[in-house]
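Input: a single structure, listed below in structure tokens.
The values are calculated or read from the model by the stated rules, or taken from the named source; none is laboratory data. Small disclaimer: the values here were computed from a predicted structure and weren't measured. Glycine also receives a Cβ, built like all others from the backbone with ideal geometry; neighbour counts cover every protein chain displayed. We work out accessible area using only protein heavy atoms, side chains counted, and drop any ligands, DNA or RNA first. Shrake-Rupley method; radii C 1.70, N 1.55, O 1.52, S 1.80 Å.
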Amino acid sequence: MTLTTFIAWISAAVTFGTIIMFGSVGEILTEKSGNLNLGVPGIMYLGAIAALAGAFFYENGNPAPVPVISAMIALVSALVVSGLGGLLYCFLTVTLRANQNVTGLTLTIFGAGVANFFGGSLVKLSGGVGQISVSAASSVFRAKIPFLSDSLGIVGELLFSYGFLTYAAIAVAAAAQYYLMRTRNGLNLRAVGENPATADAAGINVTKYKYLATCIGAMIEGLGGVYYVMDYIKGTWDAGGSLEALGWLAVALVIFTSWRPKNAIWGAYLFGFCYWIYLYIPSGISAALASALGAANVTYMQNLYRMIPYLVTIVVLILVSKRRRREDQNPASLGVSYFREDR
């Protein structure tokens, strides 16, 4: 493997990892409150289409759009819409006490449907498939760090050649870790997730913590959608379902990290490395493995390589279960509705 190929592999892993890192950190905050939101892919879809639509209407309504303003409109639109997705989930599961699993899966279907409907509408407005573009906003999200990316050689290429949301994802994960483990409110949130009845008896507003954690978590997940449309696919729309697959990987990453945001940083990049290995592994090895397994061609092997992140997650689950450490397990009340009158 050449140095150029290795750098390309790292770049692909970081870009891929950033998307699922946002989704994972947002879901960790949500699950720490006891809410199991399987609507992560749907919320990422909502954030993506909101960002794209906001930037699209601004740029098409102005002959000389300001890139920074367009990017800010995209960010605000995504945060608001994805936050509303989290609010909808909370209203159904916390206030109405609907089944969390069903609600989350429904939210995924709803978010994907809404996003693809409006995405298709934007494609028609822009003149057809491949014509939609929000280049002004996308240029801001994809801009490299000045000087550092070009003046430091390989180091600059490896560390500073990404858009600002890449570094924001790391900062959000670190802030979430600090909040959960080093602040009183974080302790209260973990108490709500472990035993809401005890937390309620101690004077903690269970409903408030569940709503805030889920809505803020949804807004963080929405940033993953923003990164996908503005950086990953360069300011256009993709109805192929790739974002949904990334959303489910983010859910798997939550388990892989043992509900610790700091582990999402390296875990997301590890997932990225594993996911893209089929593009960079020597073709001779792929052909030999395919022949040994009796596969018809190397394409089958590529699909097997894409399973690696999920297989790693299963292995981690087994290892964590054998260690039997409570701090490595999911919150005790995860997925269970809280009935205060039963306290």
R260 - accessible surface, heavy atoms, 1.4 Å probe, Å² rounded to 10: 60 Å²
Protein-only accessible surface order, largest first, of L38, L319 at 1.4 Å: L319, L38
Cβ-defined net charge surrounding Y232, 12 Å radius [Lys, Arg +1; Asp, Glu -1]: 0
Per-selection Kirkwood Rh - the chain (Cα, Å, 1 d.p.): 21.0 Å
Segment L304-T183, length gained on full extension (0.36 nm per residue, minus Cα span): 39.3 nm
Pairwise centroid distance, computed over Cα atoms, of the stretch 220-286 with the stretch 35-96, Å: 19 Å
Solvent-accessible area, 1.4 Å probe, carbon plus sulfur percent, for the chain: 66 percent
Which listed pairs, of K144/K234; K234/K262; K32/K208, have C-alpha distances above 21 Å, in listed order: K234/K262
Exposure rank, largest accessible area first [E157, E27; 1.4 Å]: E157, E27
Loop-exposed chymotrypsin sites (Phe, Trp or Tyr not before Pro) per DSSP, neighbour cap 12 Cβ within 10 angstrom, longest uninterrupted part of the chain: 148-338
Solvent exposure of the stretch 52-119 as accessible area per residue, Å², 1.4 Å probe: 49 Å²
